[in-house]
1. Mind checking which residues of the range 53-71 are part of a loop (DSSP other than H, G, I, E, B) and in contact (Cβ under 8 Å) with a residue 12 or more places away in the chain?
2. Taking the range 24-49 on its own, how many of its residues are open to solvent by 40 Å² or more (accessible area, probe 1.4 Å), in contact (Cβ under 8 Å) with a residue 24 or more places away in the chain, of a type outside the set (F, W, Y) and out of contact with any Lys or Arg (no Cβ under 7 Å at 6 or more places or on another chain)?
3. Looking only at the range 83-92, filter to residues that are small (G, A, S) and part of a helix (DSSP H, G or I); which one of those is nearest to A3 (Cα to Cα)?
4. Which of the residues spanning the range 102-123 are more than 24 Å from I80 (Cβ to Cβ), part of a helix (DSSP H, G or I) and aliphatic (A, V, I, L, M)?
5. Does A74 satisfy the condition of being assigned to a strand (DSSP E or B) and of a type in the set (A, V, I, L, M, F, W, C)?
6. Only residues that are among the polar types (S, T, N, Q) and over 14 Å from the mean Cα position of the chain (by Cα): list them for the range 96-135, please.
7. Hey, among the residues in the range 50-63 that are open to solvent by less than 40 Å² (accessible area, probe 1.4 Å) and farther than 19 Å from N1 by Cα, which one's nearest to the chain's Cα centre (by Cα)?
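The values are calculated or read from the model by the stated rules, or taken from the named source; none is laboratory data. All values derive from a computational prediction rather than experimental measurement. For neighbour counting, all protein chains shown are included, and Cβ atoms are generated from backbone atoms with ideal geometry for every residue, glycine included. What goes into the accessible areas is simple: the full protein's heavy atoms, side chains included, and nothing from ligands, DNA or RNA. Shrake-Rupley method; radii C 1.70, N 1.55, O 1.52, S 1.80 Å.
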Amino acid sequence: NEAVFAASFHLYPAGCHVVDMGQGRLGGYLISHPGRLDTLPVLDVPLAALPEPLDCYFLHDLALGRETRGHGLAGKAVEIVIAEARRGGLDTIALIAVGDAHAFWIHQGFTPLGDGLVHPAKGYGAEARALIRNI
């Protein structure tokens, strides 16, 4: 959702990155920002402000196109997120895993936040799980 990306960039540009394939082609993107564990974002709703007081760094979205998969970019994205969290003095990273990405995030050191369930009103779907990683 373009409005979500624009709002995230406006609020926290240091957390927004793209994989530029050249010739105007986007190979992937990372959107991340400081947040709160008790205020996880609603899917496809632009953030109006970062929730205060901050207690985690939220990996909002990571997407890689077919051409960019298998080159270690997802792991590099996690490294970027860890560096940003540390830069902000935050020691916890949170995300909402969707689709078939759960195993990838577990492999990256994430564990369920509580029971991991995400309230249906957040819009992520029944398989979505809130995960955290302490750094």
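1. Looking only at the range 53-71, we keep the residues that are part of a loop (DSSP other than H, G, I, E, B), and these are 53-55, 65, 69-71.
Across the range 53-71, the qualifying residues are P53, L54, D55, G65.
2. At the first step, the residues of the range 24-49 found to be open to solvent by 40 Å² or more (accessible area, probe 1.4 Å) are 24-26, 29, 36-39, 42-46, 48-49.
Filter once more, keeping what is in contact (Cβ under 8 Å) with a residue 24 or more places away in the chain: 26, 29, 37, 42-46, 48-49.
Filter again for of a type outside the set (F, W, Y), leaving 26, 37, 42-46, 48-49.
Cutting the leftovers down to out of contact with any Lys or Arg (no Cβ under 7 Å at 6 or more places or on another chain) gives us 26, 37, 44-46, 48-49.
Residues in the range 24-49 being open to solvent by 40 Å² or more (accessible area, probe 1.4 Å), in contact (Cβ under 8 Å) with a residue 24 or more places away in the chain, of a type outside the set (F, W, Y) and out of contact with any Lys or Arg (no Cβ under 7 Å at 6 or more places or on another chain): 7 in total.
3. Here is the first cut: in the range 83-92, the residues small (G, A, S) are 83, 85, 88-89.
Cutting the leftovers down to part of a helix (DSSP H, G or I) gives us 83, 85.
Details: A83: 26, A85: 24 Å.
Per the criteria, the residue is A85.
4. Passing the criteria: only A121.
5. Details: assigned to a strand (DSSP E or B): no; of a type in the set (A, V, I, L, M, F, W, C): yes.
So A74 fails the test.
6. The first filter runs over the range 96-135 and keeps only residues among the polar types (S, T, N, Q), leaving 108, 111, 134.
Within the range 96-135, T111, N134 meet the criteria.
7. Y57
Every residue, every condition in (1) in a helix (DSSP H, G or I); (2) in contact with a strand residue (DSSP E or B) (Cβ under 9 Å, 6 or more places away or on another chain), yes or no:
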position: A6; (1), (2): yes, no
position: F9; (1), (2): yes, yes
position: L26; (1), (2): no, yes
position: L50; (1), (2): no, yes
